[in-house]
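The values are calculated or read from the model by the stated rules, or taken from the named source; none is laboratory data. Predicted model only: the values in this text are computed from it and were never measured. Using ideal geometry, Cβ is built from the backbone for each residue, glycine included, and neighbour counts are taken over all protein chains shown. These accessible areas exclude ligands, DNA and RNA; they are computed on the full protein's heavy atoms, side chains included. Shrake-Rupley method; radii C 1.70, N 1.55, O 1.52, S 1.80 Å.
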Amino acid sequence: MAPKRARVYYAREANATTIQALAAEVIAKRTKRHLDELERSNYSAPNTLLTGEDAEEGHGRGRARQTISDKRTLNIPGTSPAAKKKKTTHNVRTALVYRKTLAELIDESKIANLPPDDPTYLRAAAPPSAYPPRMLCTVCGYWGHYKCRRCSMAYCDQNCESVHAETRCEKRVM
Amino acid sequence: MPTVLLDNGASSIKAGIVKLQQEPPRIIPNAVARSKGDKKTYFGHEIARCNDYSELHYRLPFEKGYLVDWDAQKAVWDGIFSDEVFGIDTTSSSLLITEPYFNLPNIQEVYDQFVFEEYEFESYYRCTPASMIPYGTLFSQADLPPAECIVVIDSGFSFTHIVPIMNGEIVWTAVKRLDVGGKLLTNQLKELSSFRQWNMMEETYIINDVKESCCYVSTNFKEDLETCRADPKRNPIVQEYILPDLSTNRKGRVRQPDDILTDTDQILVMNNERFTVPELIFHPDDIGLNQAGLAATVAFSISLLPSDLQGMFWANIGLIGGNAKFAGFRDRLMSELQTLAPVDCEVVIYECDDPITEAYRAAFSFVNTPGFESHVVTRAEYAESGSNASRKKFHDWKHRESEKEKLKEAPKPKGKQREEDRSQAVNKISRTRSKPTTVTAPSRRR
């Protein structure tokens with residue numbers, strides 16, 4: 001019994017010296033990436049379907065880029081460009097063809113330059129919590145009383161720790 | 001002239017034509033979806049026709065709550081105006097459309113361009129969903145005048161906004177946003193069940209249904225967590241969701257006690273996932289999002305309002321948006337707000353039967369109010385001065401100057417009136433305007 005225990009102890013010691021805990025900024029980066037993932041509309045291939053719908057068409061380049069909205073055959077009453085498939089105005093065409101991300105649009109809108117007490121999208125975010133974050137086990141969802149020494153994700157017991165070590169640990173860490 | 005009403009949400013469009021009699025709106029997914037099974041693309045209202053919704057690939061016009069993909073949006077709108085849905089001649093109609101809070105000025109211009117240059121509407125009105133709520137019935141109580149100070153909590157697909165409204169005008173300086181919405185919750189559930197059970201990362205459609213049928217907001221998180229821990233197989237919380245069988249075209253459903261399973265049925269066990277997912281609205285720090293929870297944000301928002309009116313805001317809180325449909329949402333918010341509210345304030349939370357369409361119904365009444373025509377921008381006005389016409393007419397967050405003056409002015413010339421307001425507030429409170437959970441001297445936290 002005694003030698004075994006000693007060996008286990010020794011192994012832990014050895015590990016402790018080689019394991020380097022992750023820097024706080026790396027963990028912050030990981031959290032941010034996770035939050036960005038949670039904003040995705042689809043898990044795989046986040047960008048392939050954004051411009052062209054059919055694979056064979058791919059994404060055209062430049063002005064002639066295909067749009068999905070003008071390929072439909074719909075019967076809209078009236079005489080608007082949308083109904084008659086007339087030539088759309090320059091503004092509308094630009095909006096249809098050149099898609100911008102929200103980050104680009106925020107940049108373009110210059111709302112960051114408004115006086116500091118003006119309410120804008122950028123300043124409307126909820127304040128940070130007054131309390132330290134609660135830790136929940138990243139494996140089973142129970143209270144996570146322990147943190148992984150390598151990647152500081154929370155876990156609740158040895159069982160979840162081993163699951164964590166096998167599947168998740170360091171996977172998302174860059 | 002008919003008025004088309006579009007409550008243009010990031011997840012679904014609540015659409016209808018204003019007639020004298022109010023009808024429930026058509027709820028149309030605001031998405032272009034590609035089915036992997038039948039290799040077809042479905043636009044907006046067509047998604048209802050899709051039978052093979054495994055690995056539906058979505059293209060959403062909205063990113064983080066703002067309209068960025070106009071190509072996809074036009075595809076969905078075209079369908080709504082076509083004879084497949086309403087068959088309405090846009091050139092001889094008026095339009096009311098909602099936009100997100102703090103919509104960017106450059107995006108607003110594109111709204112104008114589409115409305116007048118592409119669809120050539122006769123006139124239109126653009127506003128946020130919460131600004132319509134005073135016209136609706138969410139806060140209305142028999143024999144009482146409409147509340148002057150209200151807080152609308154709009155918890156939708158992209159985010160949750162706390163919107164205080166005073167005398168029908170949004171107080172933009174106190175509007176706060178919590179970056180937790182239905183999309184994030186669905187994705188979180190997707191991730192949890194993929195890690196713990198089946199790989200569902202591509203099954204947004206199915207997981208969204210699981211979320212809507214199984215998830216609830218816990219009113220006692222600690223206890224529920226212990227219950228699930230004590231016996232993961234058999235406890236009052238655990239549910240089994242029978243995943244849809246696409247070969248026989250059977251929908252997914254929650255397993256009932258008398259349900260007999262066949263060999264081919266696949267089960268997704270929902271244990272603590274049922275409440276740890278919606279919990280993110282109240283504890284965004286559970287996923288590392290550094291924002292205070294909903295209740296603390298509501299308290300923060302109210303603290304930015306004129307101090308003598310805060311009591312009225314505490315007593316008039318209303319819930320709209322899809323997340324308000326989670327069972328327990330109101331109760332949980334109530335208990336958390338009571339610990340945050342000042343001792344002498346009563347907290348009253350209003351809710352409605354269908355929080356998703358509440359803004360639509362309120363907007364419907366707004367269109368039918370006599371003064372509606374004076375609010376709209378007409379095609380002629382747009383032709384003359386472009387987007388300046390709508391900048392001048394539509395009230396939104398950029399009209400801050402006037403709002404500032406109002407807040408400044410409030411204390412002096414309106415002193416008398418405000419005292420009346422206050423006594424009115426006391427009256428309202430004493431008459432207890434909702435199912436009051438008897439306030440047992442709320443304890444302050446700090």
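Summary of computed values
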{"read-out": "Positive-end residue, chain B charge dipole about Cα centroid, Cβ charges, pick of B:Asn368, B:Thr98, B:Pro355", "value": "B:Pro355"}
{"read-out": "Cα coordinate range in segment B:182-281, projected on the principal axes (Å, largest first)", "value": "41, 31, 20"}
{"read-out": "Under Karplus coefficients 6.51, -1.76 and 1.60, residue-wise ³J(HN,Hα) of segment B:229-242 in Hz, glycine/proline x", "value": "6, 4, 9, x, 8, 10, 8, x, 8, 4, 10, 10, 9, 7"}
{"read-out": "Estimated buried accessible area (total), pair B and A, 1.4 Å, Å² to nearest 100", "value": "7300 Å²"}
{"read-out": "For B:Phe221, solvent-accessible area (1.4 Å; no DNA, RNA or ligand), Å²", "value": "20 Å²"}
{"read-out": "Per-residue SASA entry for B:Arg49, accessible area with 1.4 Å probe, Å² rounded to 10", "value": "140 Å²"}
{"read-out": "Residue order for B:His395, B:His375 - accessible surface, 1.4 angstrom probe, largest first", "value": "B:His395, B:His375"}
{"read-out": "Under-5 Å amide H pairs with B:Arg250, H placed in peptide plane, nonlocal only", "value": "B:Asp245"}
{"read-out": "Mean Cα-pair separation over length for segment B:182-281, i.e. relative contact order, pairs under 8 Å, 6 or more apart, %", "value": "32 percent"}
{"read-out": "Positions from segment B:90-107 whose accessible area shrinks by 10 Å² or more when the full protein complex is built, not the chain alone, probe 1.4 Å", "value": "B:Thr90, B:Thr91, B:Phe102, B:Leu104, B:Pro105, B:Asn106, B:Ile107"}
{"read-out": "Rounded to the nearest 10 Å², the accessible area of A:His145 at probe 1.4 Å", "value": "130 Å²"}
{"read-out": "Probe 1.4 Å, all protein chains present, accessible-area order of B:Arg196, A:Arg30, largest first", "value": "B:Arg196, A:Arg30"}
{"read-out": "Cα Rg, Dmax (largest Cα-Cα span) when computed across segment B:248-354, Å", "value": "19.1, 65"}
{"read-out": "Charge dipole magnitude, Cβ of K and R +1, D and E -1 - segment B:216-303, Cα centre, debye nearest 20", "value": "140 debye"}
{"read-out": "Most mobile listed residue (B:Leu95, B:Leu280, B:Leu261) in chain B, GNM with C-alpha springs under 10 Å", "value": "B:Leu261"}
{"read-out": "Residue among B:Val76, B:Gly37, B:Phe116 farthest towards the positive dipole end of segment B:19-160, charges placed on Cβ", "value": "B:Gly37"}
{"read-out": "When each of A:Lys32/B:Lys183; A:Lys71/B:Lys14; B:Lys64/B:Lys176; A:Lys85/B:Lys40 is checked by Cα-Cα distance, pairs over 20 Å", "value": "A:Lys71/B:Lys14; A:Lys85/B:Lys40"}
{"read-out": "Shielding by partners - mean other protein chain Cβ count within 10 Å, residues of B:280-293", "value": "5"}
{"read-out": "Shape of chain B, Cα gyration tensor, a/c cut at 1.5", "value": "oblate"}
{"read-out": "Accessible-area composition of segment B:182-281, carbon plus sulfur, in percent [1.4 Å probe]", "value": "49 percent"}
{"read-out": "Among B:Ala296, B:Ala327, B:Ala48, residue whose mean-square fluctuation peaks in a GNM of chain B (springs only between Cα atoms under 10 Å)", "value": "B:Ala48"}
{"read-out": "Charge dipole (debye, nearest 20) of segment B:178-328; +1 at Cβ of Lys and Arg, -1 at Cβ of Asp and Glu", "value": "120 debye"}
{"read-out": "Nonlocal amide H pairs with B:Ala327, under 5 Å, H built at 1.01 Å", "value": "B:Val217"}
